Amino acid sequence: MKRTLGALSLLFILGVLLIVASPNYGLKFGLGGKDWQAHRYTDQYYIEHGVEEVGGTNIVTDIVFDYRGYDTIGEATVLFTAIAGAIALLRPWRRDENE
Amino acid sequence: MSEDMGLIVKTTARATIPLIGIFGAYIVSHGHLTPGGGFQGGATIAGAGVLFLIAFGLSEAKKRYDHHVYSALESLGGLVFLGIAMLGFSVAFFYNILWRNGIAFAGKPGTLLSAGYLPIMNLAVGLKVFAGLISAMMAVATYRRWKE
Amino acid sequence: MIPFQFITAFLLIFMGLYAFLYKRNLIKLILALNIIDAGIHLLLISFGYRLEDGTLPTAPIYTGYETLKGTPMVGPIPQALVLTSIVIGVCILALAMALTINAYRHYGSLDINKLRRLRG
């Protein structure tokens with residue numbers, strides 16, 4: 001029973017994903033020309049103005065450290081917290097050493 | 001039981017670990033010009049550390065690993081990142097004042113000394129990611145909450 | 001015709017979900033988490049692809065700034081966000097491995113069926 005339910009849910013997720021990805025009435029892969037200007041104007045702005053405004057020729061680094069810098073701060077905080085949590089879980093506690 | 005992996009692996013690791021480290025440093029320092037950046041370069045240098053651990057064994061790695069040094073390095077990376085972000089605080093947080101006003105690192109786009117605070121931030125984030133990944137690896141490899 | 005990038009991403013997500021539903025080992029569950037992560041990253045990256053008529057777009061990096069000005073480039077925002085997501089995936093891996101080591105110490109097994117009973 002459980003296995004059947006799992007397989008059915010897997011099939012349902014597959015159907016949803018196929019509908020989402022089909023090019024006729026779902027997401028279109030590989031926009032270009034007018035569609036690109038209409039839907040991805042932010043990417044186009046970064047590509048055109050990134051070098052003048054930030055200075056780096058690598059546009060991804062410009063976005064990561066300048067346009068979306070707050071994301072990077074949050075991500076550095078997550079890295080610090082996760083590693084501190086891992087070390088705190090693994091290091092010997094004083095209570096255990098006395099046993 | 002010997003912990004290291006034998007003569008061939010050790011010799012190959014001795015030859016390749018400096019090369020991996022130099023390549024990671026190149027990725028970090030040229031992060032604003034070529035593909036790469038702080039995260040990727042830091043992860044590459046941490047890969048050299050992982051190679052050292054699995055080639056030379058845990059006891060050899062424990063001799064060269066100091067918990068306090070790596071936690072200080074990670075904190076230093078985070079603090080430098082925040083401090084550089086605070087440089088242009090007269091206008092806005094994360095304002096690239098070094099590039100916009102032409103104070104330092106303001107060369108032509110495409111040269112190494114350009115792009116304002118981006119090289120410094122790449123170095124800081126690379127240091128942070130390297131120290132963090134090495135700390136996590138050594139924590140998983142070393143610490144046990146029970147006696148063997 | 002569904003593009004092959006999407007099909008590969010769905011295959012990766014599917015392998016991960018299958019392992020989540022039918023595997024019992026904790027290490028295999030962590031591997032499944034990482035495989036789903038890789039599939040989602042591939043999906044997001046392929047959303048940023050750009051198809052102009054006849055020309056192949058380049059990566060959003062101006063190596064040699066004047067020569068590449070004006071050529072079509074793929075979208076840089078998904079790449080930047082996936083870069084953030086990869087590091088968070090590594091964080092999740094480290095934390096999950098720490099929890100798994102503690103669970104193995106506590107229960108003496110990695111089978112999730114044997115983890116139900118609370119002990120100690």
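Worth a mention:
- Any hit, region C:104-119, residues being at the interface with chain A (Cβ under 7 Å from one of its Cβ atoms), out of contact with any strand residue (DSSP E or B) (no Cβ under 7 Å at 6 or more places or on another chain) and of a type in the set (A, V, I, L, M): no
- Residues in region C:42-82 that are more than 8 Å from chain A (Cβ to nearest Cβ), assigned to a loop (DSSP other than H, G, I, E, B) and more than 16 Å from residue A:51 (Cα to Cα): C:54, C:55, C:56, C:57.
- When C:19, C:32 are checked against the criterion of being closer than 22 Å to residue A:2 by Cβ and within 12 Å of chain A (Cβ to nearest Cβ), C:19 stands alone in meeting it.
- Matching residues in region C:31-78 - criterion: being under 15 Å from residue A:33 (Cα atoms), of a type in the set (A, V, I, L, M, F, W, C) and open to solvent by less than 30 Å² (accessible area, probe 1.4 Å): C:73, C:74
So that you can scan it fast, the table gives a plain yes or no per residue for (1) at pLDDT below 80; (2) more than 20 Å from the chain's Cα centre (by Cα); (3) within 7 Å of another protein chain (Cβ to nearest Cβ); (4) loosely packed, with under 11 Cβ neighbours inside 10 Å:
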{"position": "A:6", "(1), (2), (3), (4)": "no, yes, yes, no"}
{"position": "A:12", "(1), (2), (3), (4)": "no, yes, no, yes"}
{"position": "A:55", "(1), (2), (3), (4)": "yes, yes, yes, no"}
{"position": "A:61", "(1), (2), (3), (4)": "no, no, yes, no"}
{"position": "A:74", "(1), (2), (3), (4)": "no, no, no, no"}
{"position": "A:84", "(1), (2), (3), (4)": "no, yes, no, no"}
{"position": "A:91", "(1), (2), (3), (4)": "yes, yes, yes, no"}
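- Residue B:112 being open to solvent by 40 Å² or more (accessible area, probe 1.4 Å) and at pLDDT 85 or above: no
- Residues within region B:19-54 that are at pLDDT 85 or above and open to solvent by less than 70 Å² (accessible area, probe 1.4 Å), tallied: 23
- For the residues C:95, C:29, C:21, the requirement of being in a helix (DSSP H, G or I) and within 15 Å of the chain's Cα centre (by Cα) singles out C:29.
- Subset of region C:11-68 [touching a strand residue (DSSP E or B) at 6+ places or on another chain (Cβ under 8 Å) and on the phi > 0 side of the Ramachandran plot]: none
- Residue among A:38, A:84 that is among the aliphatic types (A, V, I, L, M) and within 29 Å of residue C:92 (Cβ to Cβ): A:84
- Filtered residues of region B:93-103 (kept if in a loop (DSSP other than H, G, I, E, B), open to solvent by less than 40 Å² (accessible area, probe 1.4 Å) and over 21 Å from residue C:62 (Cα atoms)): B:94
The values are calculated or read from the model by the stated rules, or taken from the named source; none is laboratory data. This is a predicted model, so every value here is computed, not measured. Positions of Cβ are backbone-derived with ideal geometry, glycine not excepted, and every protein chain shown enters the neighbour counts. In case anyone asks, the SASA skips ligands and DNA or RNA and just uses the protein heavy atoms, side chains included. Shrake-Rupley method; radii C 1.70, N 1.55, O 1.52, S 1.80 Å.
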